[in-house]
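Have a look at the structure below before the remarks.
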Amino acid sequence: MSVRPYSPVMQGRNFSIASVLLPLGVAVLFLAAWHLAVKGSGRDIMPAPWQVVLGIGELQRNGLLVPYVTASLFRVSWGFIIAVLVGVPFGLLLGWFRPAFMAFNPFVQALRPISPIAWIPLAILWFGVKDIAPIFLIFLASVFPITVSVMAAVQNIQSVYVRAARNFGLSGLSLFRRVVFPAVLPQIITALRIALGIAWLVLVAAEMLAVTSGLGYLIHDARNAGKRYDLVVSGMVLIGAIGLILDLLVRRLEKFDEVRWGYGQR
Amino acid sequence: MKLIRTLAIVLTLWLTAITLLHGGLNLDWFAKKSGTGKEQTFGVGFLPVTCHLTCPVTHFINKNMEGREMFEPMRFSGWPELAEMFLTRPKEMPATFLLAPMAISLREKGERIKIVHLGHRDGSAVMVHKDSGIFQTRDLRGKTIAVPGRFSNQRLIIYRELKKAGLTFDDVRIIDMPPPDMPAALSVRAVDAITSGEPFMGQSELDGYGRVLWQAKDVWPGFISCVLAVNEDAIRDQRADIQKLVNGIAASGKWIDQSMEHRRDAAKFVSKNYYNQNSRLLEFALSKPPDRVTYSRLAPLKADFEEIVQLGKEAGMLQGTVKFEDYVDDTFAPDPATVKPQAFEVKE
């Protein structure tokens, strides 16, 4: 029997209708409020929703939409995936080996709250202003949340799993591979989901460097262009929409059996 | 493990696809190489303001006349990133357009850079809201004025005018603000006055809510906001490159000033290919009035800089510890009287 991660009330038909209508209603309300606020202000600096749609249309006509989205996805993909490749093993290590935790945890906790914007001068110093510097900033922003979440997941693993596994004669690497890692996998997926959101969040800051493409760059460029706030908001809307799609994609991972069992426990 | 294997395959495919797509769409990886292979070029930093106009104009004219790029114009969105790149990676970007007091201040702090040429003259204004009661400098008392940065010459021109009116920095509130944000701030009257290079001042005028309190050219004739600064290693090792750049800038400046037609052409090709601004905006800043910003007398003169340093000392911006000969190398700059405008016409 499969266990669904949602509460029974939201299951079945009710769930699917509500899941479409409720967010749609909020979106309509938001757009209406936005439109009225712009009209009511009597100024033409802040763009109305339809002007933003026209702005996105203009980007498409000028052949910028796809290249900019690609550039941003490229930087976030590399930054995030490198962060996963570094952060997950590092988090597992810190969670499992007490001395490693004692040695590195203060260091990780000290680096974690530093905004990527503060790293911009160092990123330029080390990597110049081509693609590597923004990738580095995105990596920095996402590697610490991943490390800390994975570390916490390993530390909070139910001791009955480990004891049972030891009774079956498992130890060392096989204990880790066959029990510890599967046990924390659901939390790792959750951590990745949050970290991907953060990686996407720092895009605008990362593209403050002198790259000449990307949605974050679009926002800086539109500010420089003089009264193109329609394009500024277009960039914001595109970042939000793609962020939503990325989140939906990562949530698909929760459907795998290796992960789904973790949600049944709650 | 099914999940891990699936993830590894999907992510590898995704990374490959997005990298190739980015390379193709944004980095010209697959474009046919034109000309005789890649030549060694160097970066020159600039911001999309009229004070830096000679950078894209020189690049454009050179590319069109010689069919190759003399240098790589590197566009930044703000001063801090530009300065960081210039100071930390001089091999990639040995030259940049920079605020004059910032260049002098960097020299005072021991950076090995020199001013070799000017980028423009004039081309700044102080704008107030059209409905405000500010009609002369004295009316700025108690008001908030936005300037582009601590080491901007706009801050100095405010200081200079306040002094003439018997006021000091203590009588006003000066705040730093990126120039692109200034017009909007003035329109909602978040600040009382704004000052930066064009075209952001012209924009507030064009949009109808800004009024010129004074133009830099009227209160400080020959006003210098930005200069061309070069790393000393490049001055030593790349003399020919730097000389060519300076000659190009001097001749392009003369070309811009040669006729209204050239100004209009420059507004068009620069806004389209370099600044990504509305060409009407740039055209406005370059033409109303025609001497709002000028590009002809660009050799660095001692008297101009000594005045900047003197004011900078009084205003607490500069120490005054370096001499003109330390922070300027005027051996590259041709005599403006002998510079011929670029022989270039835009083909329709």
Potential extension, B:K244-B:R138 segment - 0.36 nm per residue separation minus Cα distance: 33.6 nm
Separation between Cα centres of region A:17-70 and region B:252-328, rounded to whole Å: 39
Exposure ranking of A:F168, B:F284, A:F107 by accessible area [1.4 Å probe, largest first]: A:F168, A:F107, B:F284
Region A:192-266 and region B:206-242: distance between their alpha carbon centers, rounded to Å: 38
Accessible area of B:L318 in the full protein assembly, 1.4 Å probe (Å², nearest 10): 10
Disulfide-incompatible cysteines by the Cβ rule (no partner under 4.7 Å) in chain B: B:C55
Reachable lysines from B:K272, criterion Cα separation under 27 angstrom, eight or more residues apart if same chain: A:K130, A:K227, B:K32, B:K33, B:K38, B:K63, B:K244, B:K254, B:K288, B:K340, B:K347
Cut-off 18 Å, label 7 Å out along Cα→Cβ of B:A31, residues of region B:269-283 by amide N: B:269-276
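Considering only the other residues whose Cβ falls under 15 Å of the Cβ of B:D330, what net charge follows from Lys and Arg at +1 and Asp and Glu at -1?
Surrounding charge for B:D330 is -1.
The values are calculated or read from the model by the stated rules, or taken from the named source; none is laboratory data. All values derive from a computational prediction rather than experimental measurement. Ideal geometry is used to build each Cβ from the backbone, glycine not excepted, and the neighbour counts take in all protein chains shown. Please note that ligands, DNA and RNA were not included when accessible areas were found on the heavy atoms of the full protein model with its side chains. Shrake-Rupley method; radii C 1.70, N 1.55, O 1.52, S 1.80 Å.
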